[in-house]
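For reference, the structure discussed in these notes is given below.
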Amino acid sequence: MNPNPAPDARPHRGTIFQETGRILAHQDVGADQWILRVHAPHCARHAQPGQFAHLQCAPRLPMRRPLSIQRVAPEAGWVEFLYKVVGDGTRALSEQPENAGISVLGPIGQPFRLHPERPLRLLLGGGVGIPPMVFLADHLRQRGEAGQTRAILGSEVPFPFRPTPSEVLWPGLPDGAIATLPLLEDWGIACRLASKAGLPGAFDGFVTDLARSWLAGLSADQHARVELFACGPHPMLAACAALAAEFELPCQVSLEEYMACAVGGCAGCTVPVRTTDGVAMKRVCVDGPVFDAGDVFPEPIPA
């Protein structure tokens, strides 16, 4: 693929780059979770929060795996991913050493959209849905909006980082919810952790439970300034959509789906999405992965 492709009538064409990257760091962070940093300057320069890359896991495996982008450094040219080993492909990827070459296709997909009229952002991430929230938090920090950003991250296995007690105040939360992601803490972003696995310092419940306790204490004027962003497993995203509907808040979700080509050709990752013309099948890879929550998790019709 041309590293400087020509514009195309289809919006996802001309924005995806294929390059041979180099693994800069590859760290086992426990519970079959890995953080991978790759020198891939084209992807790093163009990636936006909510997008992903399609990586070849090993030379012997032709099928790539889609991984959400966690952080980028455009000037240094690196892209970072957090992934969990769940099958042969990601297991092979976990065995790749530093300095190894790796084929990167990306960035791919529609990113999160920020609405200036709703500057109070609540980011909800679960498991391997945490990376897009970190990327979005970093983007908001660089825009000078860290103080208006909140994040709640959940996991049922040990977090892929060492939680620390938060020193960033977040009024309206239960007293026992004190654990945070140190990186977001360093950025001045209020962050709390949630888990049903009894992890120390984490709120004993789901991310949506903790979010609800905060949202319930806000005034109508404050609700008018809030927007939700979420990524995680399907049941969590459905719960986030229901939470947003409960408080009449806009919510964007980044879907996780199995993919083959990841560039819109095979249509193997389609999901039903509500549109102005009715329900249509949309490709998660290029039509998403970010969608309005109410379009993919519509409210049930009352009996």
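The table below lists the values:
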{"quantity": "Point-charge dipole on Cβ atoms (K/R +1, D/E -1) for region 212-303, about Cα centre, debye to 20", "calculated": "140 debye"}
{"quantity": "Label-to-label distance, nm, for residues given as VAL29 and ARG225 (7 Å Cα→Cβ offset)", "calculated": "3.1 nm"}
{"quantity": "Relative contact order (%) - criterion: Cα under 8 Å, at least six apart; region: the chain", "calculated": "16 percent"}
{"quantity": "Dipole of the chain, positive direction: furthest Cα of SER166, VAL86, GLY125, with charges on the beta-carbon", "calculated": "VAL86"}
{"quantity": "Simple spin-label estimate for GLU156 and ASP204 in nanometres, 7 Å along Cα-Cβ", "calculated": "1.8 nm"}
{"quantity": "Other-chain or far-sequence residues with amide H under 5 Å of VAL157's (modelled H)", "calculated": "none"}
{"quantity": "Separation in nanometres of the label points that stand 7 Å from Cα toward Cβ, at ARG45 and ALA242", "calculated": "4.6 nm"}
{"quantity": "Net charge, LYS196 excluded, C-beta distance under 9 Å - Lys, Arg +1, Asp, Glu -1", "calculated": "-2"}
{"quantity": "Local net charge near VAL226, Cβ-Cβ under 14 Å (Lys/Arg +1, Asp/Glu -1)", "calculated": "-1"}
{"quantity": "Burial ranking of peptide ranges 107-117, 143-153, 168-178 (average Cβ count within 10 Å, highest at the top)", "calculated": "143-153, 107-117, 168-178"}
{"quantity": "Rounded FRET efficiency, nearest 0.05, which uses the C-beta distance separating MET281 from ARG143 and R0 of 35 Å", "calculated": "0.50"}
{"quantity": "Calculated diffusion of the chain, Stokes-Einstein form, Kirkwood radius summed over Cα pairs, 4 °C and 1.567 mPa s, µm²/s", "calculated": "66 µm²/s"}
{"quantity": "Pairwise FRET efficiency - ALA267 versus LEU169, Cβ, R0 = 41 Å, nearest 0.05", "calculated": "0.30"}
{"quantity": "Value of relative contact order over region 120-296, rounded to a whole percent, pairs C-alpha under 8 Å and six or more apart", "calculated": "19 percent"}
{"quantity": "Region 17-108: relative contact order in percent, alpha carbon pairs under 8 Å with at least 6 residues between", "calculated": "41 percent"}
{"quantity": "Computed magnitude of the charge dipole of region 9-71 (debye, nearest 20; Cβ of K, R +1, Cβ of D, E -1)", "calculated": "260 debye"}
{"quantity": "Rounded to the nearest 20 debye, dipole of region 120-296 from Cβ charges on Lys, Arg, Asp, Glu", "calculated": "160 debye"}
{"quantity": "Rounded to whole Hz, the Karplus (6.51, -1.76, 1.60) HN-Hα couplings of region 111-127, x for glycine and proline", "calculated": "x, 5, 10, 9, 10, x, 6, 10, x, 8, 9, 10, 9, 10, x, x, x"}
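A short reminder: the numbers here are calculations on the coordinates, not readings from a lab. Nothing here was measured: the structure is a model prediction, and the numbers come from that model. In this analysis, Cβ positions are derived from the backbone assuming ideal geometry, glycine residues included, and neighbour counts consider all displayed protein chains.
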